[in-house]
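These notes concern the structure reproduced below.
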């Protein structure tokens, strides 16, 4: 993705903060606050004053397992990064709704940048699906000798639902 010259924040910086939780692309409140250059506490206060604008498909609070997952994926350094508060996760529509409660020029420009990045990611994902369909069409017309190549390409194009843990595994006593 290329940087939009009119954009306040480079899309690469936003992409680094978008994660997958509950099969949704979301951005955490700490990262939104960082992009808006406001305190997370202030952002959360504004959202809590307007909770009726944020149904579950716009914004949700992470549970303990999700917080552990976010920490283990190095999205945040540790649980203490949240200061004891439960983090909010905003979907693309939740970010759009933030523009109705945060009215500063910086917040509006940041929202535009974030939403453009979400849209670009969605377009990119649809391109992957198109490539996958073309591979499957090609697979039907070629010999069996190419099956391994096609299987590898499909594996690379499909998003992983669960990541395999990295590191050493402790072997059981023999």
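The range 85-126: Rg/Rh from Cα coordinates, Kirkwood Rh? It would help to have the intermediate numbers written out before the result.
Numbers: Rg = 11.5 Å, Rh = 11.1 Å.
Rg/Rh for the range 85-126 comes to 1.04.
What is the Cα coordinate range of the range 11-125 on the first, second and third principal axes, sorted by size from largest, in whole angstrom?
35, 33, 25
May I ask you to order 14-26, 106-118 by the average number of other C-beta atoms within 10 Å around their residues, highest value first?
With the highest mean Cβ count within 10 Å placed first, the list reads 106-118, 14-26.
No lab work stands behind these numbers, since they all come straight from the coordinates. What you see is a predicted model; the values in this text were computed from it and never measured. No Cβ is skipped: glycine too gets one built from the backbone with ideal geometry, and neighbour counts run over all protein chains shown.
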